[in-house]
1. May I ask you to compute the full-extension gain from Thr147 to Phe175, defined as 0.36 nm times their residue separation minus their alpha-carbon distance, rounded to one decimal in nm?
2. Once the Cβ-Cβ distance between Ile98 and Lys70 is put in as r, and R0 is 25 Å, what FRET efficiency do you end up with, to the nearest 0.05?
3. For the stretch 82-124, which trypsin sites (Lys or Arg not before Pro) are both in a DSSP coil and crowded by at most 13 other Cβ atoms within 10 Å?
4. Please list, or write none, the lysines whose alpha carbon is within less than 27 Å of the alpha carbon of Lys59, excluding same-chain residues fewer than 8 places away.
5. Checking the cross-link filter: which lysines have an alpha carbon closer than 19 Å to that of Lys206, excluding same-chain neighbours under 8 positions apart?
6. Residues of the stretch 168-191 with the amide nitrogen closer than 19 Å to a label point 7 Å from the Cα of Val210, along Cα-to-Cβ, please.
7. Give me the percent of accessible area attributable to carbon and sulfur for the stretch 57-179, probe 1.4 angstrom.
Amino acid sequence: MGGAYHLQVAATFLLLAAIASIAAAFDPSPLQDFCVAIDDPKLGVFVNGKFCKDPMQAKADDFTFSGLDKAGNTSNAVGSNVTLVNVDRLKGLNTLGISLARIDYAPYGGLNPPHTHPRATEILVVVKGSLYVGFVTSNPPKLFTKTLNVGDVFVFPIGLIHFQLNVANTNAIAFAGLSSQNPGTITIANAVFGSDPAINPDVLTKAFQVDKNVVDYLQKQFWPEN
């Protein structure tokens, strides 16, 4: 009887611990209706990584962003452009645990290169064109891919490497919702070969099993952050 009771208590404790760990993996829940971010600490209080404006001083403009109707410039090395609306651009997002992005892709070959969002799951919907999208799981890595057309939706789990490639002969557009006010982005090629200061070439030569000349060449390239 005692053993079964203690087993039940232990199982309950482990379940609560698991729930707590999942909850802690995302933005903290807000403690008030909203918290409009401000830059001057003299004018507010610090909540969820930003200082909050006095709620009595909040305006409709604090919850408004204009510009996602405009195409981003895709004349770059990867042929894509991400317009991110996070807490830095829309102050009213502070503590709300969500952000939005518009992604523009150049005709056939426009790429949002492999990257991760360390603090957010992403859900993407195609509104123009066709995209080949995918993500890779943690080790052992498994690739999940799909070709999306207008109206199709795909989800990229939090923290996993993912990408989108325009496979149409026209411009493509997608919108993405992210489960953080500040999801963060780590572009894989840029992080590995374009860090400042640079990663020791011996590390990359061993990790990628390539000649040092290859690593030297890659580290000299310009790696767009997108």
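The values are calculated or read from the model by the stated rules, or taken from the named source; none is laboratory data. Values in this document were obtained by computation on a predicted structure and should not be read as measured data. Don't worry about glycine lacking a Cβ; one is built from the backbone with ideal geometry, like all the others, and counts go over all protein chains shown. When the accessible area is computed, the model is the full protein with side chains, heavy atoms only, and any ligands, DNA or RNA have been set aside. Shrake-Rupley method; radii C 1.70, N 1.55, O 1.52, S 1.80 Å.
1. My answer for the length gained is 8.5 nm.
2. 0.70
3. Arg89
4. Cross-link targets: Lys42, Lys50, Lys70, Lys91.
5. Straight-line reach from Lys206, under 19 Å: Lys220.
6. What the label zone holds, given the 19 Å backbone N cut-off, is 187-191.
7. Values: 3430 of 5880 Å².
Accessible surface attributable to carbon and sulfur in the stretch 57-179 totals 58 percent.
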